[in-house]
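The values are calculated or read from the model by the stated rules, or taken from the named source; none is laboratory data. Everything numeric here is computed off the predicted structure, so don't read it as measured data. Virtual Cβ from ideal backbone geometry, glycine too; neighbours counted across all protein chains shown.
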Amino acid sequence: MKVRQHTFWHIDYLLDNDSVEVEQAFYKVADKSAECKIAEKLKKKSVPVVNFGCSDCTCGSHLFKISHYNFLRDFMSEIQLGN
Ligand SMILES: [Zn+2]
């Protein structure tokens with residue numbers, strides 16, 4: 001297990017776990033409300049990791065397990081995320 005000097009963001013905890021491998025990252029420059037709107041859409045099509053990444057809002061999660069890459073690719077295109 002890799003341990004970084006400072007574990008601050010939720011992503012730090014994921015990256016420190018040897019069973020986690022980042023395959024691709026998507027991003028969008030937007031305000032905080034956009035993040036919550038995306039989470040709201042994703043929770044309908046995925047399995048949320050409860051209380052992950054949402055300590056500063058009322059969402060149930062900002063991390064989701066998505067099994068179908070095609071859904072993810074189409075969703076990212078729909079909401080205009082870059083990669
Ligand atoms: Zn939120």
Original post:
With respect to Ala39, is the statement that it is among the small types (Gly, Ala, Ser), in contact with a Cys (Cβ under 9 Å, 6 or more places away or on another chain) and within 16 Å of the ligand (Cβ to nearest atom) true?
Top reply: yes
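Residues checked against (1) modelled with pLDDT of 85 or more; (2) exposed (fewer than 15 other Cβ atoms within 10 Å of the Cβ):
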{"position": "Gln5", "(1), (2)": "no, yes"}
{"position": "Phe8", "(1), (2)": "no, yes"}
{"position": "Lys28", "(1), (2)": "no, yes"}
{"position": "Ser46", "(1), (2)": "yes, no"}
{"position": "Val50", "(1), (2)": "yes, yes"}
{"position": "Asp56", "(1), (2)": "yes, yes"}
{"position": "Gln80", "(1), (2)": "no, yes"}
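Taking into account only those residues within segment 2-59 that are in a loop (DSSP other than H, G, I, E, B) and among the β-branched types (Val, Ile, Thr), which is nearest to the chain's Cα centre (by Cα)? Let's see the steps before the verdict.
Within segment 2-59, the first condition is being in a loop (DSSP other than H, G, I, E, B), and the residues that meet it are 2-9, 16-26, 28-31, 43-46, 49-59.
Of the ones still in play, those that are also among the β-branched types (Val, Ile, Thr) are 3, 7, 20, 22, 29, 49-50, 58.
On the way: Val3: 21, Thr7: 17, Val20: 13, Val22: 11, Val29: 14, Val49: 10, Val50: 12, Thr58: 16 Å.
Restricting to residues being in a loop (DSSP other than H, G, I, E, B) and among the β-branched types (Val, Ile, Thr), the top hit is Val49.
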